1. Students often get this wrong, so try it: which of [x] 5.7; [y] 5.2; [z] 11.9 is mean projected area of the Cα convex hull in nm² as calculated from the structure shown?
2. About the Cα centre of the range 2-79, how large is the charge dipole given +1 on each Lys and Arg Cβ and -1 on each Asp and Glu Cβ? Please answer in debye to the nearest 20.
3. Taking +1 at the Cβ of each Lys and Arg and -1 at the Cβ of each Asp and Glu, which of L28, Q79, P65 sits farthest along the dipole of the chain towards its positive end, judged by Cα position relative to the Cα centre?
4. To test your reading of the geometry: what angle, between 0 and 90 degrees and rounded to tens, separates the Cα axis of helix 50-60 from the longest principal axis of the chain?
5. Normalising by the residue count of the range 2-79, find the relative contact order in percent from Cα pairs under 8 Å and 6+ residues apart.
6. Label-point separation (nm) for E71 and E43, each offset 7 Å from Cα along Cα-to-Cβ?
Amino acid sequence: MQAARLIVRGRVQGVGFRWWAARQASLLDLDGSVRNRSDGSVELVVAGSEEAIGEFVSLCRTGPPGAEVEEVSSEEWAQLVEKGFRIARSAGPG
């Protein structure tokens, strides 16, 4: 199992990105979490197969209808990821 942390920037808050991401992660059998960040970006941590994570990153480059994704950065994640996928409490406004 691999894990990655993604930061998605652009118009990604207020468009249902967290719920959309949770659905996509579930369909790809990924564990992890998603939360809004105070700078207007969305942070995601996902764990699963390399193929599923790659597909998830590709999907995040477009996002849900209404999103305008400008950038998706990703890095390997070495911390423990809990089983399941959750929408975490936002950090700051948004």
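Readers should treat all values here as calculations from the given coordinates under stated rules, not as data from a laboratory. As the structure is a computational prediction, the values presented were derived from the model and not from experiment. Glycine gets a Cβ as well: all are built from the backbone with ideal geometry, and neighbour counts include every protein chain shown.
1. Only one option fits the structure, namely [y].
2. Details: 8 positive and 12 negative charges, 80 e Å.
Dipole size: approximately 380 debye.
3. Of the options given, the answer is P65.
4. With rounding to tens, the tilt is 10 degrees.
5. Details: 154 pairs, mean separation 37.8, N = 78.
Relative contact order for the range 2-79 comes out at 48 percent.
6. About 1.6 nm, to one decimal.
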